[in-house]
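This report concerns only the one structure given below.
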Amino acid sequence: MVLTLVEHDEEGLDDVSLQALALARDVADQAGEPLEAIAFGAGAEDVAGEAGDHGVETLHAVDSLEEYAPEAYGRAVVQCAEEVGTEAVIAPGTDRGAEKLAHAASKLDVTMAAEVTDVEVGDSYELTRQRWGGTLIEHSRLTAETNLLTVAANEVSASATGGDAAAVEAFAPDLADGDLRVQLTSVEESDVEGVPLGEARVVVSGGRGTDGDFSELEALVERVPNAALGSSRAAVNEGWRPHDDQIGQTGAKIAPEIYIPAGISGAVQHMVGCKGAENILAINTDPEAAIIQKADWAVIADLHEVAPAIAEELEARGHSE
Amino acid sequence: MEILTAIKRVPETGAKVSLTDDNLDIDTTSLGFTFSPHEECAVEEGVQLVEEHGGNVTVLTLGEEEATEQLRSAIAMGADDGILLDGGDAEWGPAGTAEAIAEAVEESDTEFDLLLFGNESADAANHQVGVRVAEELGLPCVTGIKDLDVDGGTATAKREIPGGSEVYEVDLPAVITVKEGLNEPRYPSMRAKMQARKASVAQSEPDPREDDLELVELEVPETDDSPAEILGESPEAAEDVVDVLEELEVV
Ligand SMILES: Cc1cc2nc3c(=O)[nH]c(=O)nc-3n(C[C@H](O)[C@H](O)[C@H](O)COP(=O)(O)OP(=O)(O)OC[C@H]3O[C@@H](n4cnc5c(N)ncnc54)[C@H](O)[C@@H]3O)c2cc1C
């Protein structure tokens, strides 16, 4: 049996959980085992239909824990895994997925493999996983008694099977006092205005080449509907932009229809943040910059001249926000 | 406050990396070394907390003897002293690393109020050492933190989620793993770097343990490096840029 930890909100299972289910189903198929899932919190049983549609036969619903509590959830995963006798536990590569599984791994005294993109099941699990934020690929072998792994976010495609709703089984973990020491206290809404980076169709981004002047790029973003402003780490380090704007390995991962990096050289750590972009149009003074090799289109010129010219041209053609 | 921050020596890879002949490691013949951005923020946070509340920051690393260089960089940022767990050239997986760190914390004469880790190391990205250390020591743990506040015996830690942040309140002592963006790490002055050379670094040699994640091979992913279509070399290219935007129907 292969057990998948899934996460959900009122709208159902989240995308990264569906991706984790796709990889978990592949593992289960290779091992000739059924796929089961564990979900927490109020409404856990409501995702049975969607889980079934993604290959889950049985859904273990834990509704006794009201607030998110990583260690308690980790304990519940261990107990559920032991009760059902699973050969693998697979979680989505989110902050919550990774921490729950890390707690479980520590309690089971096995290693968790993080950011996995592919598994070949044999005597052991032959894994492909990401290192250095995806700039290096690791092939490794996991030989634990129970194989615990997280699936790298947005690297595996989710796919529905059209299966029947999963059978729901309530699971009540037996918790120790200390398990509830860390619990979600509250959620704060961000006061950042405009389109969130992760949801923008167009992302215009500035790097060290802006020399700290983002005004033209800001004006361009305002002219384009559904656009957001991003930046490279160099610009954040200089204190020109807040870290929330940073795209890359240690920043946001984005997937817009078009990404417009201006004055950004295209370092690998930057590119892993925008590899989900469908198109890239680079603005750079240096025709040899790495970004030119990675872009679909490029303008070799000073961004402080090109960005206003684009904004003017948009206005001339009647495109205004 | 007594604060411990854990860091890891990793190759500095601003550019594309190449591998050693056996494909088991990054070729570091022409690379410098550093510690991860997340961990720089952990050190900075420790130093700021001590500036605010008083106390000491101890920085710890498990690695080869050369990792003393990274300890001294952290000391130059304001940490008070260092601990080197000399792991030699053995392979240290996340379980063994966490065990060795937890043991060092238990054996230390200092009672730490706060243990700060990077959320994941830049190189191996195993996402679990902080959590495992917390489990070994029976401490509460919050991960992926981008905002931290300590008031008396309580830490308030925030983690980013789409559209906002999750807030966690935990009693100290606790383990907290942090992400870049928590603060802006300072650049040490020349004077601080010189002084750091003299700071005390304690050493011990932990026993490695077998890990059940075994490296088979590394690979540099293929990238599509076909050159871009050059739309122009002057602001006049703006017309072609807008053509592209119109074609993609984003304006
Ligand atoms: C572990 C690790 C994690 C990292 N994580 C990230 C990350 O998340 N995100 C990230 O971005 N980086 C990250 N980096 C840093 C990365 O390696 C690069 O240093 C960084 O992306 C460089 O930023 P940049 O392109 O803005 O600056 P530079 O590399 O300095 O490039 C500036 C570019 O601007 C061009 N330019 C100059 N003037 C103009 C002008 N007037 N008009 C047009 N073009 C001009 C130049 O030709 C050059 O190409 C990370 C590094 C490490 C080691």
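The values are calculated or read from the model by the stated rules, or taken from the named source; none is laboratory data. Keep in mind the model is a prediction, meaning the values are calculated, not measured. Cβ: placed from backbone, ideal geometry, glycine included. Neighbour counts: every protein chain shown. For the accessible areas, the whole protein counts, side chains as well, though only heavy atoms, and no ligand, DNA or RNA atoms are used. Shrake-Rupley method; radii C 1.70, N 1.55, O 1.52, S 1.80 Å.
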Q: Quantify how strongly other chains surround peptide A:69-82 by giving the mean number of their Cβ atoms within 10 Å of each of its Cβ atoms.
A: 1
Q: Provide Rg and Dmax in Å for the protein assembly as shown, with only Cα atoms included in the calculation.
A: 24.0, 71
**Q.** Once the Cα gyration tensor of chain A is diagonalised, semi-axes √(5λ) in Å
**A.** 42, 21, 18
Q. Per residue and in cubic angstrom, what volume does the convex hull of the Cα atoms of region B:2-204 have?
A. 131 Å³
Q: Leaving ligands, DNA and RNA out of it, report the carbon-plus-sulfur percent of the accessible area of region B:14-64 at a 1.4 Å probe.
A: 43 percent
(Q) So if each residue of separation counts as 0.36 nm, and I subtract the Cα-Cα distance between residue B:64 and residue B:205, what length gain in nm does that give? (A) 49.7 nm
Q: Starting from 0 in steps of 5 Å, tell me what percent of the Cα-Cα pairs of region A:202-317 lands in each bin.
A: 2, 13, 25, 28, 21, 9, 2, 0
Q) Which of the pairs A:100/B:193; B:8/B:198; A:107/B:193; A:107/A:275; A:107/A:294 have their Cα atoms more than 32 Å apart in this structure? A) A:100/B:193; A:107/B:193; A:107/A:275; A:107/A:294
**Q.** Rounded tilt (10° steps) of A:15-31 against the dominant C-alpha axis of chain A
**A.** 50 degrees
(Q) With only alpha-carbon pairs counted, each pair once and no self-pairs, how large is the Kirkwood hydrodynamic radius of region A:2-179 in angstroms? (A) 15.8 Å
Q. What size of dipole, in debye to the nearest 20, comes out for region A:2-179 about its Cα centre when the only charges are +1 on Lys and Arg C-beta atoms and -1 on Asp and Glu C-beta atoms?
A. 640 debye
Q | region A:83-160: proportion of alpha-carbon pairs further apart than 17 angstrom, % | A | 44 percent
**Q.** Dimensionless Rg over Rh [region B:1-107; C-alpha; Kirkwood]
**A.** 1.01
Q. Distance in nm between label sites at residue B:243 and residue A:124, each 7 Å beyond Cα in the beta-carbon direction?
A. 5.6 nm
Q. Tell me, in nm to one decimal, what length is gained between residue B:223 and residue B:187 on full extension, where the rule is 0.36 nm per residue of separation less the Cα-Cα distance?
A. 9.6 nm
Q. Hey, what angle do you get for helix B:238-247 against the long axis of chain B, alpha-carbon based, 0 to 90 degrees rounded to 10?
A. 80 degrees
**Q.** Ordering of B:68-74, A:216-222, B:224-230, A:160-166 by packing [mean C-beta count within 10 Å, highest first]
**A.** B:68-74, A:216-222, A:160-166, B:224-230
(Q) Counting only other chains, and only Cβ atoms inside 10 Å, what mean value do you get across the residues of B:178-184? (A) 4
